[in-house]
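The values are calculated or read from the model by the stated rules, or taken from the named source; none is laboratory data. Computed from a predicted structure; not experimentally measured. Cβ placement follows ideal geometry from the backbone for every residue including glycine, while neighbour counts extend to all protein chains displayed.
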């Protein structure tokens, strides 16, 4: 019995070409989901697209520079999801703002990455009552001054500056209209 020639099967060359292309092309690998206490460098290494977003960000320069001159002693906790589009937009803009502040800022800054189910790590999620990410929490003298939730209404650099200087308090969010910004 004679085997069919490649030309007698018109799909064979196409199938062979597709097989070669699929073997030569790496499969899309999802970005690593980070969970727990993380650094900016760890996030940037796991999510290069966040670095690109940082480069493209255009924060208000005056507000960004003013972050370097706020009263010292506040603690800022950024709770984020590396899987979250709001985090991928807001956190890189924050980084760009901090870079434009020109060096050290007079407040402590930490990042906590949570899983998509918002169950891990359990302690910060429960302690800060996290429902949406990103949530940027400002604490002074052990008391929460306010937080920015999901979408900063005036730009993360301006809203963070307002919380750090006492010009605003409570929940600031453009995506949560019921939680209108509160000003002093």
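Within the group 116, 141, 123, 100, which residue is in contact with a helix residue (DSSP H, G or I) (Cβ under 7 Å, 6 or more places away or on another chain) and surrounded by fewer than 19 Cβ atoms within 10 Å (Cβ to Cβ)? Break it down stepwise before answering.
Working: 116 fails: in contact with a helix residue (DSSP H, G or I) (Cβ under 7 Å, 6 or more places away or on another chain); 141 fails: in contact with a helix residue (DSSP H, G or I) (Cβ under 7 Å, 6 or more places away or on another chain); 123 fails: in contact with a helix residue (DSSP H, G or I) (Cβ under 7 Å, 6 or more places away or on another chain).
The unique qualifying residue is 100.
For the stretch 155-175, give me each residue that is in contact with a strand residue (DSSP E or B) (Cβ under 8 Å, 6 or more places away or on another chain), surrounded by fewer than 20 Cβ atoms within 10 Å (Cβ to Cβ), at negative phi and outside any strand (DSSP E or B). Don't jump to the end; show me each part of the working.
As a first pass, look at the stretch 155-175 and keep what is in contact with a strand residue (DSSP E or B) (Cβ under 8 Å, 6 or more places away or on another chain): 156, 159-160, 162-164, 166-173, 175.
Narrowing further to those that are surrounded by fewer than 20 Cβ atoms within 10 Å (Cβ to Cβ): 166-167, 169-171, 175.
If we keep only those that are at negative phi as well, we get 167, 169, 171, 175.
167, 175, listed by residue number.
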Condition check: in a helix (DSSP H, G or I) and either under 14 Å from the mean Cα position of the chain (by Cα) or closer than 20 Å to residue 44 by Cβ (or both). Does residue 99 satisfy that? yes
Count - residues of the stretch 66-87 that are touching a helix residue (DSSP H, G or I) at 6+ places or on another chain (Cβ under 6 Å), surrounded by fewer than 22 Cβ atoms within 10 Å (Cβ to Cβ) and either free of Cβ contacts under 8 Å to residues at least 60 places away in the same chain or not in a strand (DSSP E or B) (or both): 2
Take the conditions touching a helix residue (DSSP H, G or I) at 6+ places or on another chain (Cβ under 9 Å), at pLDDT 95 or above and surrounded by fewer than 16 Cβ atoms within 10 Å (Cβ to Cβ) and apply them to residue 106. Does it pass? yes
So residue 31 passes all but one of these: (1) modelled with pLDDT of 95 or more; (2) under 30 Å from residue 122 (Cα atoms). Which condition number does it fail? (1)
Only one residue in 113, 174, 162 is over 20 Å from residue 39 (Cα atoms) and touching a residue at least 24 places away in the same chain (Cβ under 8 Å). Which one? 174
